[in-house]
Amino acid sequence: MPETKPMEGNHAVAEAMRQINPDVMAAYPITPSTEIVQTFSSFVANGLVDTNFVVVESEHSAMSACTAAAVAGGRVMNATSSQGLALMWEILYITASLRAPVILTVVNRALSGNINIHCDHSDSYGARDTGWLQIFGENVQEGYDNLIQAVRIGEALDVRLPVMNCLDGFLVSHSYELLQVEDDQAVKDFVGPYQAVNPLLDLSNPISVGPLDLWDYYFEHKRSQLDAYGPAKEAIIEVGKEFGKTFGREYGLFEEFMLEDAEYAVIALGSAAGTAKDAVEALRADGMKAGLLKLRAYRPFPAVEIAAALKGKKAVAIFDRAASYGADSFPLFSEVTSGLYTAGQLIPAVNILYGLGGREIIPDQIISVFRTLPSVAATGQPVDPVQYVGVRE
């Protein structure tokens, strides 16, 4: 039977992994994701899973081993953060191009320098073009739920792509919340048995994996890979609906919070979305038609769907928890406004940079951003298109 219990975000992810019981985990510890692999290693040691836990010397080796195990025909999982994800960079591209559905929980942490162990999204944002799907969770429950769904999404036969399950370091990974832990068998039934596609260890059907690919075929292979991201978007939607029917919590590409009749909206992802909900409720009580679009799927990016959800808004503020050095704006803003422009919607927008290195954001700061949006709507352009919240100038 399902059970509600207090649990940290990292432990919740490890619990979901125990229920899924992957064939292989190859991991190297790094703060703040260490507890995931540490907890899961105890499950292995105590015989609660029959996973082959591979101890490696670095995150580069970890992803290399994970990719090899997936290509060999196994269901594979891992977890990392920040510099650990950056050290995997070379292999991330290979994992995606080999269509190996490895599941990687990324506990978001700032990239150095200077050395920082707290949350921002520079690590997973930096990996946005590696070919991995990226799903962000707001809280502990979503970190648990998203991992279970990631298996079904990545392993869909018309997708076959690796998936990052992203949650905010410390803010979610080390926070205790009430978690609904589903029945073990129900989770196993939902994810189903692993179905390998052209496994390397199928000796009766030998294949070549990762050969030299020059000007004569490389372009066509990349074009073929690009075709997987449309089905991936549909898989996120369909798996989210099925998850809702099975466990009572439905998911999609994003969540609309008081958005339908809103005149002004913010767009955010991760734990800040929960803070934004408090701000929206306070502004609604004060008579302002405020709303929130909480993005869940960052890759594939749902540009068309976001444009439809924001249609008719007078002005929007797009919150980024990572910088893009030398650019005119930051990652989420660039993609949202590009989607709006392509859809023919010239909604005035302001880019908000917040929370770098774990800097706290509170409802009053988001409320203050909302208060500027009527003037943005009136002029059609913010005075400063890029603004900073919570920084000492």
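The values are calculated or read from the model by the stated rules, or taken from the named source; none is laboratory data. It should be emphasised that the depicted structure is a prediction, and the values quoted were computed from it without experimental measurement. Here Cβ is always computed from backbone atoms with ideal geometry, including for glycine, and neighbour counts include all displayed protein chains.
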Practice task
Can you confirm whether segment 122-131 contains a residue that is among the polar types (S, T, N, Q), assigned to a loop (DSSP other than H, G, I, E, B) and either in contact with a Phe, Trp or Tyr (Cβ under 6 Å, 6 or more places away or on another chain) or within 13 Å of VAL191 (Cβ to Cβ) (or both)?
Solution key: yes
Problem - LYS241 touching a residue at least 60 places away in the same chain (Cβ under 8 Å) and of a type in the set (Lys, Arg) - result: no
Practice task
Scan segment 150-161 and give yes if some residue there is in a helix (DSSP H, G or I), among the acidic types (Asp, Glu), within 20 Å of ARG75 (Cα to Cα) and in the same structural domain as HIS60 (by TED's automatic domain parsing), otherwise no.
Solution key: yes
Handout entry: Any helices (runs of 4 or more DSSP H) falling wholly within segment 281-385 and containing at least 1 residues that are in contact with a helix residue (DSSP H, G or I) (Cβ under 9 Å, 6 or more places away or on another chain), among the acidic types (Asp, Glu) and farther than 23 Å from ASP261 by Cβ
Key = 331-342, 363-379
Exercise for the section: Examine segment 39-52 for a residue that is touching a residue at least 60 places away in the same chain (Cβ under 8 Å) and not β-branched (Val, Ile, Thr), and state whether such a residue exists. Expected result: no
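Every residue, every condition in (1) among the aliphatic types (A, V, I, L, M); (2) under 27 Å from VAL151 (Cα atoms); (3) at pLDDT 95 or above, yes or no:
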site	(1), (2), (3)
ASP189	no, yes, yes
SER208	no, yes, no
TYR229	no, yes, yes
GLU255	no, yes, yes
LEU269	yes, yes, yes
Handout entry: Subset of segment 313-372 (residues that are closer than 15 Å to LEU292 by Cβ and of a type in the set (S, T, N, Q))
Key = GLN365
Practice task
With the condition kept exactly as written, say whether any residue in segment 245-260 is in a helix (DSSP H, G or I), without any contact (Cβ under 8 Å) to a residue 12 or more places away in the chain and either more than 17 Å from ALA273 (Cβ to Cβ) or not assigned by TED's automatic domain parsing to the domain that holds ALA307 (or both).
Solution key: yes
Handout entry: Test for ILE207: is it part of a helix (DSSP H, G or I) and in the same structural domain as ARG18 (by TED's automatic domain parsing)
Key = no
